[in-house]
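Step one of this worksheet: look at the structure below.
The values are calculated or read from the model by the stated rules, or taken from the named source; none is laboratory data. Computed from a prediction, not measured in an experiment: that's the story for all the values here. Cβ placement follows ideal geometry from the backbone for every residue including glycine, while neighbour counts extend to all protein chains displayed. Areas reflect the complete protein model, heavy atoms only, side chains present, ligands, DNA and RNA absent. Shrake-Rupley method; radii C 1.70, N 1.55, O 1.52, S 1.80 Å.
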Amino acid sequence: MKMADGSTILRRNRPGTKAKDFSRWPDEPFEEMDSTLAVQQYIQQQIRRDPANIDLILTPPDAQDEGVWKYEHLRQFCMELNGLAVRLQGECHPETCTQMTATEQWIFLCAAHKTPKECPAIDYTRHTLDGAACLLNSNKYFPSRVSIKESSVAKLGSVCRRVYRIFSHAYFHHRTIFDEFENETYLCRRFTAFVTKYNLMSKDNLIVPILEEEGSGETDA
Amino acid sequence: MKIPSSYCGPTMEDSSPSQNHNGQLGPSSGGNNIGNKQNEEGSQRTQYSIPGILHFIQHEWARFEMERSQWEVDRAELQARIAFLQGERKGQENLKNDLVRRIKMLEYALKQERAKYHKLKYGTELQQGDVKPPMFDEHSGPEAPVDGEATFTSVSNVSWRQGRQLLRQYLQEIGYTDTIIDVRSNRVRSLLGLNNNAEGEENLNNAPLQVNGNEPSNKRACESQGRRTPAKKTPPPASSLAEAMILDTQAAVMASFDFLAQSVADMDDDDDMSDDLDEAQDDEQDDVKTAKRKGKGLMLTEGMTTDDVDREAEEVLNELNLLSETEDSGADIHSQSDPSDWSGTGMGFQPGTGHRRQLGSALADEEVLDSTLGLGELAQLTVNNEAEAAYDITATKESYRKTWNAKYTLRSHFDGVRALAFHPQEPVLITASEDHTLKLWNLQKTVPAKKSTSLDVEPLYTFRRHTGPVLCLAMSATGEECYSGGVDGAIYCWKLPCANIDPYDSFDPGVVTGSLEGHTDAVWGLSIHSQRLQLLSCSSDGTVKLWSPSSKAPLVSSYSSEQDGAPTSVDFVRDENTRMVAAFSSAHCIVYDLETGKQVVRLETGQDVDNNIVGRQINRVVAHPTLPLTITAHEDRHIRFFDNTTGKLVHAMVAHLDSVTSLAVDPNGLYLLSGSHDCSIRVWNLDNKTCVQEITAHRKKFDESIFDVAFHASRPFIASAGADALAKVFV
């Protein structure tokens, strides 16, 4: 780092940095990232550059281990979903959304409890994100962030399925919040593309008609 | 069978081997008898003659006599063994008492030292008056039974040698010989891990011979016990061996005492205080030693006069077994029990914490528990002394918290952990992360054994409100509220959920109790004042704001310095209630009067600051809890110390290999903790500004590694927060 041509770039958010300058440093080529968190760095860097460029964000660097790639992306999704949860906290109350639903077809049971139960939507959202945070940080299943066991990679699918319901609930019951959030982050679109690309969820479960809107102009599914 | 042997009577008197010999002679002599006895007992194949019978009876009598004398010898030997074992038992008891005294004296000396240090350094009396007198009484109270004690109070080893001689003399007077000292020394050695068991065993086996002064003729008796045969060789060198052992053990014991003396002496050396202090310490040291010797003499006599030794001795033996077990079980246990224990004694001095640790109180009350726990510590002290002399100086000086070891890993954040704060009393902490959340952790709720490392902690509660990375955190002195500031410019007030909450309980919107509106850009620093119930915040919008969070109009006032740019960190001046110190991106530090808003003192960083402002930016500023001292952490790897009254630089040091990001001072103001982007945290002794310990704690993300460090206000915990999304707690 320091030896390069005198003017070294230190990618740091020093105290006193303004919000608009937060993490606004020159991109670092993936090959030069020598940290164990290189994949996370790379993903965040790509998102920061242009959150709308989903294809680029989802394109792994050469020779990237796919398990780690999927794992780090899912971490990033869960992290950004906090933003949606914060917005939902203001509008989605246990009295109005007593159950976690999207369409009328399913009532989702909260898997965070010993016996799955019908949590109100906001609790379901929080519990699912907390549970995902615990699972994805679990020393048992994911002790390393540079290599991941095949058996642990298999767990990613169920996390995807659960957190996707937050998108679907927001889409069908809190459309304003969903749209605001989506326009800012492109998160649902990115998530849909991600699970489709890596086949982590079946197409039937992807009930938010978001890619179709963009792609083929179809309206409803 | 035996009859023929009667003819060989004269050869019989010596030893058992000759009996075998007789058996062989028998048939030939039996031939003579046949002719003589034919008329009397014709029908019998074997004839008896009167002389033969007489011979036989004589022989039998001689044999019985011999056997009886042999039994007598056996009995004497067993008695000797009993005497020896009793002696050993007493010796062990003495040893136990001795070690207990030593522990207490050590403890007492450390307390004295700390108190003195505090008094001289800060001029304030600490709440130790209630602790000291009883301790003192306990040691000096019993009358010393030994005359001429005063002559042995010098610090040198020679006096120790004399003392030992004297003690040995006493022992001899009362009827115990060197062996008891030997046994005692052996035990000391084995406790100190200097002795191998085999050697000790051998010595024990040999010992009875010396104890009772048995003549070599007793060898015969020994022969009946086959396993004892090697003992034959030992008697001649035994005395010299014993002598050597004594010397050895003396050396070993001496070494440990040397260490004690050395540690006290080190305290002297390290102290920059006046000669008065040194003298006082010397006196104190002498006191300690005298008292120790008194204690020893006392318990020697005690040990000898007690009648119901049996029960006690059994107890002692058990204890010693226990001791060796704990010793074997390794450094882990020690290191875990150690800090808490030491800090327990240390905490006795903290104003406001009337709460002594369990171990500490046990130490005072229960002799038995005392010796087992205490000796574990003692053993470790000695081991450390051997291992790392350099560390030891500071380690003994700090009197508690020897080395910190990572114990808990807090994993649940998705991105770098920017800040953390401990609950003032409970083993509970909150972390704030760039993943926009804060999490609450209870260190007593570790994840059960389903995980490989049992010391992972799962969060109890996730605070969601910020819409950007959370950068700073402050916990109220009651531990009921906390405040967080983030890139979104908001400061949120949180009511802490119960530390035993179900992590998947239903959402309680009441956890967010409000927000402090006013900053227009990222909030980078928060500081809370326990008495004033006020909060300071600094933001990259260029202002420092003072809040009274509980009042209706929380914003009290706002401070800024146009020439110095954005504030980077802020803290209340702890010894001056109405002031605060703020660090600015210009690398300057300014002390403000909170009431008037005026700058009181500018802390001079030096001329060359202006040349490279960014390179020297201050990442964190903290005020010393009791002294008019400001400590700053710089991007240029330095930690700098300023005098608040003059504004002058007191000390500057290159503290890390990369920029220093965070600082924390322990509640007593004795230690400083620093974190750096070089991935390590360091513990510093504030007195002599030396690094006590370095721990590599976190990994890098981009060029950032460690964002925050913290001390627990009342428990022996430190913590670090890293860019690798982990927080770690060390004990």
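Observations, loosely collected:
- Amide proton proximity set for B:SER585, modelled H, under 5 Å, gap of 5+: B:ALA566, B:THR568
- On the principal axes of its alpha-carbon atoms, region B:494-638 has extents of 57, 32, 32 Å, going from largest to smallest.
- Distance (nanometres) between label positions extended 7 Å along Cα→Cβ at B:LYS407 and B:MET66: 7.0
- You can think of it this way: the chain between A:GLN64 and A:GLU91 has 5.7 nm of extra reach, that is 0.36 nm per residue less the Cα-Cα gap.
- Here region A:86-129 is treated as an ellipsoid with the same Cα gyration tensor; its semi-axes, largest first and in whole Å, are 16, 13, 8.
- Taking 28 Å as the limit for the C-alpha separation, the pairs A:LYS20/A:LYS203; A:LYS117/A:LYS203; B:LYS648/B:LYS700; A:LYS70/B:LYS728; B:LYS495/B:LYS700 exceed it in the case of A:LYS20/A:LYS203; B:LYS648/B:LYS700; B:LYS495/B:LYS700.
- Two-decimal Rg/Rh across region A:40-91, once Rg and the Kirkwood Rh are taken from alpha-carbon atoms: 1.06
- Pairwise label distance in nanometres, B:LYS119 with A:LEU10, each label 7 Å out on the Cα-Cβ vector: 4.6
- Between B:THR645 and B:ASP505, the FRET efficiency from the beta-carbon distance, with R0 = 60 Å, is close to 0.75.
- A Förster distance of 22 Å, applied to the separation of the beta-carbon atoms of B:GLN599 and B:VAL556, puts the FRET efficiency at 0.80.
- Cα pair distances exceeding 18 angstrom across region B:618-723, given as percent: 42
- Rounded to whole numbers, the Karplus 3J(HN,Hα) couplings from phi for region A:156-163 are 4, x, 5, 4, 4, 4, 6, 5 Hz, using 6.51 cos²θ - 1.76 cosθ + 1.60 with θ = phi - 60°, and x at Gly and Pro.
- For B:HIS436, the amide hydrogen comes within under 5 Å of the amide hydrogens of B:VAL470, counting only partners 5 or more places away or on other chains and with H modelled in the peptide plane.
- Once both labels are positioned 7 Å from their Cα atoms along Cα-to-Cβ, the gap between B:TYR48 and B:GLN531 label points is 11.1 nm.
- Kirkwood-based shape ratio for region A:58-170, expressed as Rg/Rh from alpha carbons: 1.01
- Accessible area in square angstrom per residue, region A:1-120, 1.4 angstrom probe: 51
- Relative to the current alpha-carbon distance between B:GLN86 and B:THR578, full extension at 0.36 nm per residue lengthens the span by 170.2 nm.
- Semi-axes of the equivalent ellipsoid for chain A, Cα gyration tensor, largest first, Å: 32, 20, 18
- Square roots of five times the Cα gyration tensor eigenvalues for region B:554-671, Å: 21, 18, 12
- Normalised contact order of chain A, rounded percent, pairs of Cα under 8 Å and 6 or more residues apart: 18
- Between B:CYS691 and A:VAL146, the C-beta separation translates, for a Förster distance of 45 Å, into a calculated FRET efficiency of about 0.90.
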